[in-house]
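Encoded as structure tokens, the structure appears first; notes follow it.
The values are calculated or read from the model by the stated rules, or taken from the named source; none is laboratory data. Keep in mind the model is a prediction, meaning the values are calculated, not measured. Cβ: placed from backbone, ideal geometry, glycine included. Neighbour counts: every protein chain shown.
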Amino acid sequence: QQPVQSPQAVILREGEDAVINCSSSKALYSVHWYRQKHGEAPVFLMILLKGGEQKGHDKISASFNEKKQQSSLYLTASQLSYSGTYFCGTEEGTGGFKTIFGAGTRLFVKA
Amino acid sequence: DTEVTQTPKHLVMGMTNKKSLKCEQHMGHRAMYWYKQKAKKPPELMFVYSYEKLSINESVPSRFSPECPNSSLLNLHLHALQPEDSALYLCASSLSLLLSPLHFGNGTRLTVT
């Protein structure tokens, strides 16, 4: 079942922060986050494997609330290079082990 | 640079043609995937292979036929496609089937005329 992402789009100025949310109605094994720039392949950012886990990568971090089956991606002090579409991918384990992507959040950072 | 290589980068084919998309990885990954992506949409899972065996077929029409000749190669054979099949076809691999990041190739941009 496709996870639900919000917001659909975000426009930021350089240096501003943003939060992207991802939720599922199913119990999850993991949540993945990917960024895809226009005309390029999705690039893996991080994976959260258990409830309450938080991970960070430079100024991008994420958390996973297992009880609520929700994950959030935090982008702090955004840079122009952060522009792109962010997808969360969830692994449920029902119907086979597979990663299903949310609809995506389009992020645009302007100078 | 991507470690998953897809060829060709672009493909234009008629509805009566037969063509194949190829994907190769040398990272020792044991799971490989085909995703289809339409403009402004997320990647949509088509097939999953694990240890060279088909693990998941997401009810994909038979005009798409996957093949995994060995642990490094994944093919997608195309026959009698429809214009609505035009899309970006992404190959991905992961170390294992569960709890592993997906590494995507740059995709094949397919146009069906």
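If you scan segment B:49-79, which residues turn out to be modelled with pLDDT of 95 or more and among the hydrophobic types (A, V, I, L, M, F, W, C)?
B:54, B:60, B:64, B:68, B:73, B:74, B:76, B:78
Please name all residue pairs, on different chains or six or more residues apart, with Cβ atoms under 9 Å, provided the first residue is in segment B:98-109 and is surrounded by fewer than 20 Cβ atoms within 10 Å (Cβ to Cβ) and in a loop (DSSP other than H, G, I, E, B) and the second residue is charged (D, E, K, R) and at pLDDT 95 or above.
Going by the 9 Å Cβ cut-off, the qualifying pairs are B:106/B:9.
Quick one: residue A:29 ticks every box in (1) in contact (Cβ under 8 Å) with a residue 60 or more places away in the chain; (2) within 27 Å of residue B:87 (Cα to Cα) except a single one, so which number is it?
So residue A:29 meets the others, but not (2).
From B:3, B:52, which residue is in contact (Cβ under 8 Å) with a residue 24 or more places away in the chain, surrounded by fewer than 18 Cβ atoms within 10 Å (Cβ to Cβ), farther than 22 Å from residue A:31 by Cβ and of a type in the set (D, E, K, R)?
Every option except B:3 fails the conditions.
Of the residues that sit in segment A:34-55 and are more than 10 Å from every other protein chain (Cβ to nearest Cβ) and within 23 Å of residue B:87 (Cβ to Cβ), which one is modelled with the lowest pLDDT?
A:38
Being touching an Asp or Glu at 6+ places or on another chain (Cβ under 8 Å) and either under 15 Å from residue A:106 (Cβ atoms) or loosely packed, with under 15 Cβ neighbours inside 10 Å (or both), is that true of even one residue in segment A:1-11?
yes
Within segment A:85-100, is there a residue that is surrounded by 15 or more Cβ atoms within 10 Å (Cβ to Cβ) and more than 11 Å from every other protein chain (Cβ to nearest Cβ)?
yes
Scanning segment B:75-90 for residues that are free of Cβ contacts under 8 Å to residues at least 60 places away in the same chain and more than 14 Å from residue B:25 (Cβ to Cβ), which turns out nearest to the other protein chains (Cβ to nearest Cβ)?
Among those that are free of Cβ contacts under 8 Å to residues at least 60 places away in the same chain and more than 14 Å from residue B:25 (Cβ to Cβ), it is B:88.
Run down B:65, B:93, B:71 and say which single residue is away from chain A (no Cβ under 11 Å), touching a residue at least 24 places away in the same chain (Cβ under 8 Å) and surrounded by fewer than 20 Cβ atoms within 10 Å (Cβ to Cβ).
B:71
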